[in-house]
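Each remark here refers to the structure printed beneath this line.
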Amino acid sequence: MNNQKIMIELIKKDPLKYLPKSFLGSKRVNIAKKTIREELNILKEYSENKISYSKLAEKYNFSQKMVFRIMKRWGKTYPPNLDKVFRCNNKSTQSILQDLKICKFYLSGNSIYKTAKEFNLSPKGVQGIIERYGSRLRNSYRAAILLHKTKQLNFPLTPYVQELVEKNLKKYSPKFIAVLTLTDGCCYPAGKSALKVRRPKLSYCGDKILCKIYADLVYEHYNIIPSTFTQRKDGTFLVLYERKDIKRIIRDLLSLTPNFKTSLAHGEKIRDYLKTDQPTLRFLLNDNKKVLLEAFRLGMSAEGSCSICFNGKYLRFSLDFSCAHPILLEQWREVAYKIGINFNLKGLSGWFNYSGLSSGNIEALKTFMETGGFIDNVKITRQSKYYNGLEKNKLIYNVLRWNKENRRINSELSNGEKHKTFYDFIEESEY
């Protein structure tokens, strides 16, 4: 166990004693030892009774230096003087405490719009409160928030990293993070600009299992927990990193591929987009088959699917991979070929006239399942009309079972009834 993990364990046992400045990235870690309410009481008592710093420090068990810091910090928040703010009544104090509650809710990973809805305010009003308090409160609350998230997420979230250890593939974690980021992930700003801003963003949005795997890979390799891990309105999950210390992750990822922007921005022309640094999978192409296979499973779990339809009494299927980027499309095709699956380019749609890869060969399905298939428990999204929420591997397993038993379906049934019959067939399976 490395020093950082030992320190995290100590923090969990006694956070007030072992909070290290390096872990929090804060110069005011000791402020977290006392509640904001105590700080307000100190300010109010000083404002009303003009008690000296030394007596305040003795009464509230603070050092005089800490009392001075509190005065200085809150004095700047409410200029020109504290007497006006704390005018012998509780109203101002309660108002400030409510503002602090709003800040805490926002700093816990909620958006401004969600915070506004929670406290029945306008987004502009919340923005004003955040700007007034945020920079001062972030350091005070950061320790508690990080510790709360660590306990709440309870790493590892999945057994996936342990499986990588058993396969002797854990050292390739940055490559697997890059693969997931190239599918449903995002790095903002794009390219090397992310290293120049103060707080870059790195995120992944998709299936809950894949979000947990993404968080596990980042935590195990970089010892960094997400800023946000939440479910969105459309049912997908989001894992977001928005911290200064993720620059080392981004630096490693950019050493593998110069960009993670895989499609056009709104109103952007193809010619202008292609002039920028393009994403690539070159970092995978020379690796051994085990690495290629694991990367392909992750990519397929994010962007892959098994499409089925009925032609008369026959079931038709295809193994599909969604990707519209011309460079990535050919490179994913090469990766699939190296592990034994032959794909064809699919469709004349998408911003570059192609929408992905596809294979209707039963051998492709068998090969994919024999090499591990999708990541376990990854489910079909709501875009599927008939199979939403079904495990992807379970669908392929039953397509192969249907084909092996040479089954047919009543051609007089409607399309919906045929899919209902096949769904009942899936539910009867022992998968």
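The values are calculated or read from the model by the stated rules, or taken from the named source; none is laboratory data. Remember, it's a predicted structure, so these values are computed and weren't measured experimentally. Reconstructed Cβ throughout: ideal geometry from the backbone, glycine too, with neighbour counts over all protein chains shown.
Evaluate segment 241-249: report whether one residue or more is of a type in the set (Val, Ile, Thr), modelled with pLDDT of 90 or more and surrounded by 14 or more Cβ atoms within 10 Å (Cβ to Cβ).
yes
Filter segment 222-235 down to residues that are at pLDDT below 85 and of a type outside the set (Gly, Ala, Ser) and give me whichever is farthest from Leu210 (Cα to Cα).
Lys233
Of all the residues that make up segment 203-246, how many are within 20 Å of Leu298 (Cβ to Cβ) and outside any helix (DSSP H, G or I)?
Selection size over segment 203-246: 14.
Could you check how many residues of segment 355-369 are of a type in the set (Ser, Thr, Tyr) and either assigned to a helix (DSSP H, G or I) or surrounded by fewer than 16 Cβ atoms within 10 Å (Cβ to Cβ) (or both)?
As a first pass, look at segment 355-369 and keep what is of a type in the set (Ser, Thr, Tyr): 355, 358-359, 367.
Narrowing further to those that are either assigned to a helix (DSSP H, G or I) or surrounded by fewer than 16 Cβ atoms within 10 Å (Cβ to Cβ) (or both): 367.
Total meeting the criteria: 1.
Glu334 is checked against (1) in a helix (DSSP H, G or I); (2) closer than 22 Å to Thr158 by Cβ; (3) out of contact with any strand residue (DSSP E or B) (no Cβ under 9 Å at 6 or more places or on another chain) and fails just one. What number does that condition carry?
Glu334 satisfies every listed condition except (2).
Take the residues of segment 385-420 that are of a type outside the set (D, E, K, R), closer than 27 Å to Asp207 by Cβ and loosely packed, with under 14 Cβ neighbours inside 10 Å: which is nearest to the chain's Cα centre (by Cα)?
Taking segment 385-420 as the starting set, the residues that turn out to be of a type outside the set (D, E, K, R) are 386-390, 393, 395-400, 402-403, 406, 409-411, 413-416, 419.
If we keep only those that are closer than 27 Å to Asp207 by Cβ too, we end up with 386-390, 393, 395-400, 402-403, 415-416, 419.
Still in the list and also loosely packed, with under 14 Cβ neighbours inside 10 Å: 388-389, 415-416.
Values: Asn388: 22, Gly389: 20, Asn415: 37, Gly416: 36 Å.
It comes out as Gly389.
Among the candidates Gly299, Gly267, which residue alone is small (Gly, Ala, Ser) and assigned by TED's automatic domain parsing to the domain that holds Pro174?
Every option except Gly267 fails the conditions.
Determine whether Phe352 is touching a Pro at 6+ places or on another chain (Cβ under 9 Å) and either farther than 21 Å from Glu163 by Cβ or outside any helix (DSSP H, G or I) (or both).
yes
Check Leu329, Leu319, Leu345 and return the single one that is in the same structural domain as Gly373 (by TED's automatic domain parsing), assigned to a helix (DSSP H, G or I) and in contact with a Phe, Trp or Tyr (Cβ under 7 Å, 6 or more places away or on another chain).
Answer to the check: Leu329.
Just give me the residues in segment 198-218 being hydrophobic (A, V, I, L, M, F, W, C), within 18 Å of Phe374 (Cα to Cα) and buried (at least 23 other Cβ atoms within 10 Å of the Cβ), in sequence order.
Passing the criteria: Leu210, Cys211, Ile213, Leu217.
So Ser255 ticks every box in (1) assigned by TED's automatic domain parsing to the domain that holds Asn377; (2) surrounded by fewer than 20 Cβ atoms within 10 Å (Cβ to Cβ); (3) under 17 Å from Cys187 (Cβ atoms) but one. Which box is left unticked?
That leaves (1) as the condition not met.
Return yes when Ser307 is modelled with pLDDT of 90 or more, in the same structural domain as Glu417 (by TED's automatic domain parsing) and among the polar types (S, T, N, Q) and no when it is not.
Spelling it out, Ser307 is indeed modelled with pLDDT of 90 or more, in the same structural domain as Glu417 (by TED's automatic domain parsing) and among the polar types (S, T, N, Q).
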